[in-house]
1. Under a Cβ-Cβ cut-off of 14 Å, what is the net charge of the residues other than C:Lys49 that fall near it, where Lys and Arg count +1 and Asp and Glu count -1?
2. Between A:Ala198 and B:Leu181, what is the spin-label point distance in nm, taking each point 7 Å from the Cα along the Cα→C-beta axis?
3. In degrees between 0 and 90, to the nearest 10, how far off the longest principal axis of chain B does helix B:138-150 point, with axes built from Cα atoms?
4. Explain nothing, just compute: Karplus ³J(HN,Hα) = 6.51 cos²θ - 1.76 cosθ + 1.60, θ = phi - 60°, for every residue of segment B:343-350 in order, whole Hz, x for Gly and Pro.
5. Ignore the peptide's own chain and count Cβ atoms of other chains within 10 Å of each Cβ in A:199-210; give me the average, rounded.
6. What are the ³J(HN,Hα) values, in whole Hz, obtained from phi via the Karplus relation 6.51 cos²θ - 1.76 cosθ + 1.60 with θ = phi - 60°, for each residue of segment B:42-52 in sequence order, with x given for Gly and Pro?
7. Can you list residues whose amide H is under 5 Å from B:Leu266's amide H, if they're 5+ apart or on another chain and H is modeled 1.01 Å from N?
8. Grab the other residues whose beta carbon is less than 15 angstrom from that of A:Trp24, score K and R as +1, D and E as -1, and report the net.
Amino acid sequence: MNDETKFMLKKLIFYTFIFTVVAWIVIPIIISTLYGFALPRDYYDPKKILPTSFTIKYVKTLLFTLGALDGIKNSVIVALITITISFALGIPAGYAVAKFLFPGKDTIKLSIVALRMFPIPVMAIPLVVLYIKLNLIDTLLGVALAHTAMALPFVVLITSSIFAGVSTELEEAGMVFGLTRFGSFFRITLPLALPGLAAAAMFTFVMSWNEVFVASILTLSHRTLPAQILSIMAGASGGAAPDYYKFAAAFIMILPAITFIFFARKYLVTMWGITLK
Amino acid sequence: MVEVRLENLKKYFDNGRVKAVDGVNLTIKDGEFLVLLGPSGCGKTTTLRMIAGLETPTGGKIWFEDKDVTYLPPKDRNISMVFQSYAVWPHMTVYDNIAFPLKIKKYPKEEIDKKVRWAAELLQIEELLDRYPAQLSGGQRQRVAVARAIVVEPNVLLMDEPLSNLDAKLRVAMRAEIKKLQTKLKVTTIYVTHDQVEAMTMGDRIAVMNQGKLLQVGPPTEVYLKPKSIFVATFIGAPEMNLLEVSVKEKEDSITLEGEGFEIPLSSDFKELLEKYIDKTVVFGIRPEHMTIESVSSLEHVKRSTTIEGIVDFIEALGTDTIVHANIGSGNIIKVKLPGHIPLEVGSKVKIVVDLDNIHIFDKNTEKAII
Amino acid sequence: MKVKSSYIPYFLILPAFAYLLFFVGYPLVQALYIAFTQNGQFSLATVRKTFADPYFWDALKYTIALAGVIVPTQVGLALILALTVNRAFKGKDFTIYALTIPLTISDVAAGLIWYAILSPSGFLNKLLLNIGLIHQPIYFFGYQYRHMEFLAIVLAELWRATSIVFVIILAGLQMISNEYLEAAEVFGADYWTRLRKIVIPLLKPSIQSALIIRTLFAMQIFGIVWILAGRDIPILAGEGFYRLTELKEYDVASIYALVIAGLSILLGALYIKFMKAEYLEVRR
Ligand SMILES: Nc1ncnc2c1ncn2[C@@H]1O[C@H](COP(=O)(O)OP(=O)(O)OP(=O)(O)O)[C@@H](O)[C@H]1O
Ligand SMILES: [Mg+2]
């Protein structure tokens, strides 16, 4: 009986801890979402901890009047360009790292890891000068090019581990049965690696979608969503927007990212484990 | 140092769908070397893990002497174990791996050093003490695991196929070393293996398991000579015991086993034993080494024998032994193991002499031994 | 079997490598040039100007202070979380998913979300007022409440970025074979000994990557501070941003960029030097 009580008590403490932690993560999201749709009188009513009447007015204003919709459009374009370029450059490199033995491989791998650590966002400051010369300033392509530099090391490392997980023997079997090395890659390795690559693409998307520093520095009128929101909500230029707009903005920003990661959640832990080896 | 008693021990996985261990009753005497033998997946590792405390039994009890340890955590059992996959810690040098159990038990430094070196020497890994496991071969890692297990004097020593990855020569040497050590320390040992030679040569007793159940426990020779079931009979011994389906016929005052296309006459003293089975089908078993071929070699010390005729079908020359496959009628093949090189031709007629003191007869339905 | 081939792998890697080198190398050179020249001549004028600005030293101080508070706390928290979650229990999958949600949330959004909790009419204040624990709202924002702003940033950043440390450490934990722990248990080690002698040493590479990544990102901290405190709490990236976008001072902004880059390189090198996992390196 004594042991049993102890066991039950331990279990109770364990679940209380888990519950607290989950609540700590989830409650702020729920609260800010509720506030994003709350009427100001509910929000400013000190008696109402949770709002009871709702409106989509502020989300709407943010989207249509304050340019968040354009921001979303721009963000999607930037993210898609980023995925395209970083995958076009990153997949071959990742494949080479996974499947070839060559002198200098370890050095190259290590320098890619090191480049991943480099503060590319801050490097956007000197980039402005170049972009002005090249007429890339205030263009979505310019932002995407910088985002690619940020995402590329990640894509190389992750694709290399995905390809390393696809047995070389399968590919060799393809070659034995008459495919070229290239054909074998496209017909055998790539399809097998596809789910992993799809997840990697989602991560790249989220990375670009969330990035604010580069986007704010390199654009002025063609802003991505976070840059647009940052300029509305904070900083010397925008001044402070009313609070309820802030919550509506948070909602607009997190919804796509959370949805995306929900679909890629299976890969979450393994993927991070891999890229950091 | 302690007697280990397993009482109706059970372990089910996946809500009872997998019965890994299914009601094992076994007493391992103080200081005994018990070998647990059985095919892959029969529950050997699971049994060992329950004795270690790494797995909670679904049912039954485990006793160390008079103490019920069924739910005692491993650290309180004073046991030692060689894991099947070694579990040598990758972040510690070989030295630190072997020293770990001693450090936990707070031995003084000099004594730790002395013991580690002693164990390393015994297992021939002295030169490896400063290395990390990643720099070792599988066999070397296994020896580290054994060294780590024997360096302390535990109540019970559990070894899960500790020699499986060594080359033949080292394995023979290690067998002897482990056995000697165990005899000297008198530590109660449970030793899991697939290897019959290991089982036969090392164990004070052998326990044969299959599908989570204990089939037979006894000294090696007893298990070998008097298997209680077809499973035990065929699992131990290589090449396998010959099995033939026959029916028991009474002829005048003697007994004959009639198979398809062959007959094995038995002497009259079998009549009493087989009385209940007259005119019924049974399984006849004979080990290849308990037969010989007339004119080629003779069985020594044979008191009672009988003869079957056959035609040589195939010959396996193993160097030290020769295994003759003989067709004794209607395609029934019987294997005979003979020492040395045997100059026989495929197709020649032979007379096979059967040692009647070593024949086995099993019930066809229960597969239990009658003789 | 891996394929030995002379030039194909280099050919495959070259584009990505060249791209990265350009995007790191060019801005670096450009920054050095802008920062250390005036009218085509070498000059320390910009450096002097920047160093004379109290905002610079504040920014350096706050950036390091934030990192110093946030990163160790995050690693500690994440370690506890990962150790707690890494066992079989009901609701494990959901718990892990919930704990990883902030991974997907940008610093800007995290700032806004925490504003909803901490603002004068926010959830926390209303909750505490209504249950009677306080009678005046707690003010987290505004220049006169800078220490509270600092706290708000720490809270929001812990909320947002502990996830990534958690995931890294959990991935590391999952790679530790259970047998290593069982072996230690068999040889008499209790929970704390196992943690100290087996788990933590084996986790060292994961903890190291988490520390490096988090520290380096902490040097670049921007969005969350910008949303919650603006320039009340100056930080390096924020000052660089302000100098560039508001004042168009490319030279000063470049110095900020260089300082962040320099700090990152220094810290990265330090970590690698002092946290070697010996047993991993001697392999082969
Ligand atoms: N954790 C587990 N979950 C589910 N089934 C298990 C588990 N551990 C063991 N089993 C099952 O229990 C049975 C016995 O396993 P055990 O490892 O004891 O076999 P073994 O006799 O040691 O085999 P081997 O000689 O191959 O090591 C097997 O069918 C195995 O699949
Ligand atoms: Mg086993």
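Please treat every number below as a calculation from the coordinates, not as lab data. In this text, all values refer to a predicted model and were calculated from it rather than measured experimentally. Reconstructed Cβ throughout: ideal geometry from the backbone, glycine too, with neighbour counts over all protein chains shown.
1. After counting each charged neighbour, the total is -2.
2. 5.3 nm
3. The answer is roughly 70 degrees.
4. Values, residue by residue: x, 10, 10, 4, x, 7, 7, 9 Hz.
5. Taking all residues of A:199-210 together, the mean is 2.
6. For segment B:42-52, the Karplus curve yields 7, x, 5, 4, 4, 4, 4, 5, 6, 5, 6 Hz.
7. Result for B:Leu266 returns B:Ile255, B:Thr256, B:Leu257.
8. Charge balance near A:Trp24 sits at 0.
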